1. Which one of the conditions (1) touching a Gly at 6+ places or on another chain (Cβ under 7 Å); (2) surrounded by fewer than 22 Cβ atoms within 10 Å (Cβ to Cβ); (3) hydrophobic (A, V, I, L, M, F, W, C) does I238 fail to meet, given that it meets all the rest?
2. Determine whether T102 is touching a helix residue (DSSP H, G or I) at 6+ places or on another chain (Cβ under 7 Å), over 29 Å from K281 (Cα atoms) and free of Cβ contacts under 8 Å to residues at least 40 places away in the same chain.
3. Name, by its number, the condition in (1) in a helix (DSSP H, G or I); (2) modelled with pLDDT under 60; (3) surrounded by 21 or more Cβ atoms within 10 Å (Cβ to Cβ) that does not hold for Q82.
4. Taking K331 as meeting all but one of (1) of a type in the set (K, R); (2) outside any helix (DSSP H, G or I); (3) touching a residue at least 60 places away in the same chain (Cβ under 8 Å), write down the number of the exception.
5. Just checking, how many residues over segment 383-397 are in contact (Cβ under 8 Å) with a residue 12 or more places away in the chain and farther than 25 Å from R538 by Cβ?
6. Sort through T310, T237, T302 and tell me the only one that's at pLDDT below 85 and either hydrophobic (A, V, I, L, M, F, W, C) or in contact with a helix residue (DSSP H, G or I) (Cβ under 9 Å, 6 or more places away or on another chain) (or both).
7. Within 19 Å of F221 (Cβ to Cβ), at pLDDT 90 or above and not charged (D, E, K, R) - does that describe any residue in segment 490-501?
8. Which one of these does H360 not meet: (1) assigned to a helix (DSSP H, G or I); (2) in contact with a strand residue (DSSP E or B) (Cβ under 8 Å, 6 or more places away or on another chain)?
Amino acid sequence: MSNSEPRIETFVANDSTPLLSATPDEEEADRIIYDGLRRVSGSFPLSVWLIATIELCERFAYFGILGPLQNYIQNSGNDPPQPGGIGMQRFGQLFTIAYATTINQMFMLWCFITPIMGAIVAEQNFGRVRTIVYSSAIYSCGLATLFLSSLPVARDIGVPFLGLSVSLFLIGIGAGGIKTNVSSLIAEQYTGPQERILVLDSGEKVVIDRDLTLQRIFTMFFLYINVGSLASLASTTIEQKYGFSVAFALPTIVFLIGLIILLTSKDQYVSHAPDNSLITKACRVIWIAVKNKCSLEHARLTHQAEEGSTEMPPWDDLFIDDLGCALSACKVFLLYPFYWAAYSQLLTNFISQAATMETHGLPNDAMTSIDPLVTLILLPILDRFIFPLLRSLGASVRHIDRMALGFLFCGISMLYAAFIQRSIYAAPPCYDHPRSKDCMGGKFPNQVSVFLQIPAYVLVALSEILASVAGIEYAYTKAPKSMKSLVMAVYLSTVSAGALVAMTVSPLTVDPRLTWMYVTLGIETLVAGAVLWVAAMRMWFEKRKR
């Protein structure tokens, strides 16, 4: 095929589209194909960088409080190895790890349930930008509450736990409104065509590819998120030296900087206008489909007329097609809760595990910073060298492939964590009850170096680069224009579902059962990854047949 005769294909998704079926960008459909020309990404407008910076500040605040949170809840202020704040140890050994982990999991559950509410408000009422502004104000109140309740004077009058509860509730609402909309908003800023030809200074003709541009935008966005994630390194170090109130003050200040950027630039952003009846229409269409063997075809105008409906439905066939695409896109997310259940150990039980090991003077919760550090190193390498090399060799780098590999690496990291836990239980002085009050007063960790955790963090970081970025891209590119925040919210809600999965193994989060908790999560994640891999292979064989 010559360059002057481009090939154009189309794709229509409906309610009968199978799970993980080939979709437009997987088959390079709904686009013009210029054979023989190299594909490159386009340049980003300023608004993309501004939104990424705002998200960096929000993630800095989120991880800045999440890093010290396990110690703050779990340990008392006079705990010998790792001083804390609230100190659930007074309720007994059972609550030291399990209770703090449960509160952390409930907080993450709340933070990723609220995106559904944030998406509904944005799509139906305020639009993305105003929703982010209002959510940021609520988020700021939550951060201020956490800071004030962690002050020594507040601890003296016994309000830290109440302050913690109120602050986590408010932060969860704010995070939900921001997260579900900022991912879609940043992609909306690129308004270029699907493809266009560009002649470089060297004379080479290249294709500016919209899909590659969006992939690069989301990669950069994820890079900024991980820069913000380094907050846990700063806040945990400050926690150890200056206390929790100073550690919580830093994220609050950084978040306010992001809020100032948002307020001064909010009129510059491209944003899809809200549809006041979107949710009502979607619910009515889905209800009609449920009553008719889950077929959306029964909601079409022609079908309603054939059934003698006297009321003209407030939607058209395009809305039915859009809803079908949205539902089809959400099918792949059914497997993500197993991934997030394993990933959440990074900010809960990995921290508690480190507290039972020899930390060589480091705060036990500082180890979580390895994940964003490794991500900042590996992500540019994959984006600039590995993925382009694979494309130049004709290899596919589809969303589904990256998802499956991400699940694989995460599952392996859990099995490796089980090996670490077994090593801890085999080491003196406390063996399978490390830091027990009955063993030397709980003052000494078992004789295993915390640096043994590093490979687990590296594997989790690699899995996140693959599975998390691919999930965000998939949610945006597969969603119709009118429902991008909703589909993104469904993807984000899989994190809360993952927290529920993690809670099912909470009975194993006490010594000496922790090894089996990691094994269980590892096997679940590997099985989910295997399902994705089988689906990817099926898609590849179907493509070869055509």
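The values are calculated or read from the model by the stated rules, or taken from the named source; none is laboratory data. These figures come from a predicted structure and were not determined experimentally. We place every Cβ from the backbone using ideal geometry, glycine too, and count neighbours over all the protein chains shown.
1. In the conditions (1) touching a Gly at 6+ places or on another chain (Cβ under 7 Å); (2) surrounded by fewer than 22 Cβ atoms within 10 Å (Cβ to Cβ); (3) hydrophobic (A, V, I, L, M, F, W, C), I238 misses (1) alone.
2. It is false that T102 is touching a helix residue (DSSP H, G or I) at 6+ places or on another chain (Cβ under 7 Å), over 29 Å from K281 (Cα atoms) and free of Cβ contacts under 8 Å to residues at least 40 places away in the same chain.
3. Here Q82 clears every test but (1).
4. (2)
5. Counting residues in segment 383-397 that are in contact (Cβ under 8 Å) with a residue 12 or more places away in the chain and farther than 25 Å from R538 by Cβ gives 1.
6. Numbers: T310 fails: either hydrophobic (A, V, I, L, M, F, W, C) or in contact with a helix residue (DSSP H, G or I) (Cβ under 9 Å, 6 or more places away or on another chain) (or both); T237 fails: at pLDDT below 85.
Checking each option against the conditions leaves just T302.
7. There is at least one residue in segment 490-501 that is within 19 Å of F221 (Cβ to Cβ), at pLDDT 90 or above and not charged (D, E, K, R).
8. H360 satisfies every listed condition except (1).
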